[in-house]
Amino acid sequence: MEDEQRFDGWQYPNIEEGKLTEYQWMVQHKDNLKLGYKTDIGAFTYINAKYGVVIEDNVQIGSHCSIYSVSTIDDKKGRVILRKNCRIGSHSVIMPGVTIGENSIVGAFGFVNEDVRENVTVTGIPAKEISKVGKNT
């Protein structure tokens, strides 16, 4: 019920190239971003969609996150996919070519450089699986 109220009147944000949205997050290469319905992206999050970023429905991304489809440090590149209902904790980094599975959770400050399967929680640097969603470790 709380999520339903939170998303009452939800509309797609106006995204301008390299500028903060009204919610204070930014996208570079905006034409390569596919944004799902009822997404929640926290303030000061940066999305580099040069090689594609797909954010499916009902995804929640905390504040101060970085999502990269390209890394100039190690020349990695690839589409990033955030599957339905996944949640990304504040200050997390998602690297190029990574898919976060449906319903999965990335703990705050996670550094994700490999795919995350569905229905699990990962955390750490680099992020490692610690539990299934809804279960204790």
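Hey, any hits in region 71-92 for a residue that's of a type in the set (A, V, I, L, M), in contact with a Lys or Arg (Cβ under 6 Å, 6 or more places away or on another chain) and more than 19 Å from residue 122 (Cβ to Cβ)? No.
For every residue, the table says whether it meets (1) part of a strand (DSSP E or B); (2) modelled with pLDDT of 95 or more; (3) surrounded by 15 or more Cβ atoms within 10 Å (Cβ to Cβ).
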position: 24; (1), (2), (3): no, yes, no
position: 34; (1), (2), (3): yes, yes, no
position: 51; (1), (2), (3): no, yes, yes
position: 58; (1), (2), (3): no, yes, yes
position: 84; (1), (2), (3): no, yes, yes
position: 90; (1), (2), (3): no, yes, yes
position: 103; (1), (2), (3): no, yes, yes
position: 122; (1), (2), (3): yes, yes, yes
position: 125; (1), (2), (3): no, yes, no
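Scanning region 93-137 for residues that are hydroxyl-bearing (Ser, Thr, Tyr) and under 23 Å from residue 39 (Cα atoms) turns up 99, 104, 121, 123.
The values are calculated or read from the model by the stated rules, or taken from the named source; none is laboratory data. If you're wondering where the values come from, they're calculated on a predicted model, not measured in any experiment. Heads up, the Cβs are rebuilt from the backbone with ideal geometry, glycines too, and the neighbour counts pull from every protein chain shown.
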